[in-house]
Each structure stands twice: as C-alpha cells, then as structure tokens.
Amino acid sequence: MPGFEFFGAEERKEVNDVLETGILMRYGFDAARKGIWKSQELEQEICKTFNTPYAQLTSSGTAALTTAFAALGIGAGDEVIMPSFTFVASFEAVLSVGAIPVLVDVDESLTLNPDAVKKAITTKTKCIMPVHMCGSMANMDALQQICKEHHLLLLEDACQSIGATYKGKHVGTIGDAGTFSFDFVKTITCAEGGVVMTNNKTIYENCDGFTDHGHDHKGADRGADLHPFLGYNFRISELHAAVGLAQIKKLDTFLAIQRKNCNILKDILSTIPEVSFRNVQDVEGDSCTFLSWFLPTEDKTRAFAAAMKAQNIMAGNFYWYDNNWHYIKKWDHLKSAKSLYPLTDAQKTSLEKLNSQDFSISDAVMSRCISTAISLLWTEEQVISKGNKMLEVIKSIL
Ligand SMILES: *Cc1c(COP(=O)(O)O)cnc(C)c1O
C-alpha cells in the first residue's frame, strides 16, 4: 500500500534540489529559486498522470477536502451525504466549513449504498461525498445519476485510492471535485500533503486562492495581490512537493506490484467457498492497496482476527468494525459532539441523531469484513506464505 516502502535516491535528489536553493516556499522568490518550482511541477505531473485539467496541492488530504468544500460553495447549514465507513478526516472537513455530515450505510462495495443515499436526501442536501475506501471505488454511475436528478454536487474523497479507475477514468477526477491525500501511509506520499482535482476552472481558481489566504496570484508581486475572497493557509511546502514528485513517477510500479500481490492472495483465499470478496465496481480499476474479503458471520470473523493476533500475524489484516478511526461504531467524539469550540445548533442536532440512527446494514457488512493490506515489499514467496497461513487460520475457525 504505502509509497514510503519505496523511498530512496529519487526522493533525496528532488529534496536536494530544493535544499540547494533554500527556497522552501512554493510562491515568490523568483530569482533566488533558480527555476526550481517543485509544487508547480507536481501539479502538472498530477494533471498528466490522472488526466485532469486542474490540480491544487494542499498541506494535507484533510485540507484538500476542506478546500474543496469551500471552493464548491458548501458551508453553514448545508448537508453532505457521506458513508458510515471512512476516515475521520471526511467528517472533520464537513464540520470545518459549518456543514452537516449526514452518514448513511455502506454495502459490500465498502462504499456508499446508492439507495441509502437517495433516502437521506432532504431540501438541505447540497453534496454527495463518496469515499473510495481501501483502494477501490464507489458506484459512480449511480451516484452521478442521483446528483443529476437532485441537482447536487459530487465530491470524491479518493484519498485512499490513488491510481484506481472507474470505467477508464481516475477516481477523484469524475465528480465536481476530488481529493487525494499524500500522507505517510498513502499510495504515494509527500510526508504530508494532498490535492484537489477538478474539471472546472472557477472551482480550481477558488482552490488556488483559498489555500493561500485568498491571494489571486495574478501579479508578479505577491504583496500587491488582490483578495477577491477570504482564504486560509493550506499551502504545501517545496520540500514536501519534492518528495511527491519522485513518488508520482513510481506510481505505475506501485500499482503493478499491488495488483500482482493482491491477485495471488485472492487466488489462495478463493479456494475456501465460505470466503467472499468485496464487490468491486470496476475490477480492472482496483488499485489493490488492500484485498477486502468477508467471512460468513461476525463470530467467525472475530475468531479469525483473534487467532491471527494470537499467532502474531494480524499485522496487515484490518478488522475495521472495531477500529477507532474508520467506522461509526467507535466515533464517540462525533456522536457526542465533543468539539473544542461551539458547533452550530444544526450541526449539534444532527450529530445527536447519530446515536439513535440504525446502522444495522453497515454493521452486517463491516462486522464480517477483513482488509488485508498489500505490501510493495513482499516477494512472491512471501505473499504465498502469508496467504497459506491465513488459509490455515480460516479453515481452523470455520
Ligand atoms: C488519509 C485520508 C484522509 C485525510 O488525509 P490526510 O492527508 O491524512 O489529512 C481523508 N480521507 C480518507 C478516506 C483518508 O484515508
């Protein structure tokens, strides 16, 4: 899964280019930087690699989501429909702009269930935010159709699925806007960083200004820039962008290894009829950062997780149902609205409602799900050996 497994001479070279000039900021200092513009170069590389006209780097994936909401004009009182299975950053970004996260069920795609989305639409709904979890994609055709019918914006949280495609298009480039995270454990890393991608020039210009205090970046003199709207500081640094520039050039290698290792593991687990697999909307487009699979019952899945842990081989096998960061069940801070600063009444009311909301459909999926992280460093023998160990454990608990 993570690009940090392949850190080396290429990353050091790009970072050294920046250290040579000492210009660590992405804007200004034109003469002193001697033609080194790593952030701009990475943005161009992102546009080329993912076939999107506009890309705006940010300081993190969370900042990218917040920027995207701002750029799309989503804020106070607006409802954003999102899945019950994601990373906490998804709802953090919604709350940060004053909007209301409306959590709905996931299905065996481990992403938004389109029927659950339809049922959650109200007059306040402004945006649907699918999260392409664990390397694979949401049902974009169905979600796009719903957005069209109800005049809603579509923002893709593709932070975990860099390189995945849906019907030939990269996830993150299909909706009104989409985001990647380049944090340390993502498919390509900048240490910390993120990006907003969009096909819309105005949305891009909003992102460009918002991430830099509202600067319009139109003149040569930064001090003379105008501020057409309020912004923030979500800038990436040149050092971080430099790391990303080396990493993005390795993406095809990462994806090829992930897909190969994932398929070997899947073939091994497929020999057990009781094991079923995630419903992947476009199998060829799966980035294969994880192999996600199901056992028939929660009890058996818990028994598998316990047995793997006892043998000290649970590492890399994630049981999200009990995970503090990824599933509604453990988001007590969200459900009790534990904010350091006052939330709006509408936000508080909607968060309180989460306590009594029925997530049994998501529970039935997540309680039987294991995601096995695919390492870039495994040799073929190691994948086979890992698969066979898992196989033995599964057989013993069935
Ligand atoms: C990692 C992640 C984010 C946030 O990215 P950071 O760069 O860590 O801020 C957002 N959404 C999802 C689904 C993620 O996995």
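The values are calculated or read from the model by the stated rules, or taken from the named source; none is laboratory data. These numbers were taken from a predicted model, which means no experiment stands behind them. Methodologically, a virtual Cβ is constructed for each residue, glycine included, from the backbone with ideal geometry; neighbour enumeration extends over all protein chains shown. Calculation scope for accessible area: heavy atoms of the full protein, side chains included, ligands and nucleic acids excluded. Shrake-Rupley method; radii C 1.70, N 1.55, O 1.52, S 1.80 Å.
The set of residues from segment 121-170 being in a loop (DSSP other than H, G, I, E, B) and more than 16 Å from PHE85 (Cβ to Cβ) comprises ILE121, THR122, THR123, LYS124, HIS151, LEU152, ILE162, GLY163, ALA164, LYS167, GLY168.
Just one of the listed residues (PHE254, PHE234, PHE210) is within 19 Å of PRO53 (Cβ to Cβ), among the aromatic types (Phe, Trp, Tyr) and touching a helix residue (DSSP H, G or I) at 6+ places or on another chain (Cβ under 8 Å), and it is PHE210.
If you go through segment 271-296 and keep only what is part of a loop (DSSP other than H, G, I, E, B), open to solvent by 40 Å² or more (accessible area, probe 1.4 Å) and in contact (Cβ under 8 Å) with a residue 60 or more places away in the chain, you end up with THR271, GLU274, ASN279, GLN281, PRO296.
Cβ-Cβ contacts under 6 Å between residues 6 or more apart (or on different chains), taken from a first residue in segment 160-188 that is over 17 Å from ASN139 (Cα atoms) and of a type in the set (Gly, Ala, Ser) to a second residue that is open to solvent by 10 Å² or more (accessible area, probe 1.4 Å) and within 12 Å of the ligand (Cβ to nearest atom), are listed as SER181/CYS159.
If THR173 satisfies all but one of (1) in the same structural domain as ASN16 (by TED's automatic domain parsing); (2) in contact with a Gly (Cβ under 8 Å, 6 or more places away or on another chain), what's the number of the condition it fails? That leaves (2) as the condition not met.
One residue alone among ALA99, ALA120, ALA64 is away from the ligand (no atom under 15 Å from the Cβ) and open to solvent by less than 10 Å² (accessible area, probe 1.4 Å), and that residue is ALA99. Here ASP17 clears all of (1) open to solvent by 60 Å² or more (accessible area, probe 1.4 Å); (2) more than 16 Å from the ligand (Cβ to nearest atom) except the condition numbered (1).
Against the definition (away from the ligand (no atom under 16 Å from the Cβ), among the small types (Gly, Ala, Ser) and modelled with pLDDT under 95), how does GLY3 come out, yes or no? Here the answer is no, as GLY3 does not meet what is asked.
Scanning segment 344-361 for residues that are open to solvent by less than 30 Å² (accessible area, probe 1.4 Å) and in contact with a helix residue (DSSP H, G or I) (Cβ under 7 Å, 6 or more places away or on another chain) turns up GLN347, LEU351, LEU354, PHE359.
Yes/no per residue for (1) surrounded by fewer than 19 Cβ atoms within 10 Å (Cβ to Cβ); (2) in contact with a strand residue (DSSP E or B) (Cβ under 9 Å, 6 or more places away or on another chain); (3) over 27 Å from GLY178 (Cα atoms):
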{"position": "ARG12", "(1), (2), (3)": "yes, no, yes"}
{"position": "LEU24", "(1), (2), (3)": "yes, no, no"}
{"position": "SER39", "(1), (2), (3)": "no, yes, no"}
{"position": "LYS48", "(1), (2), (3)": "yes, no, no"}
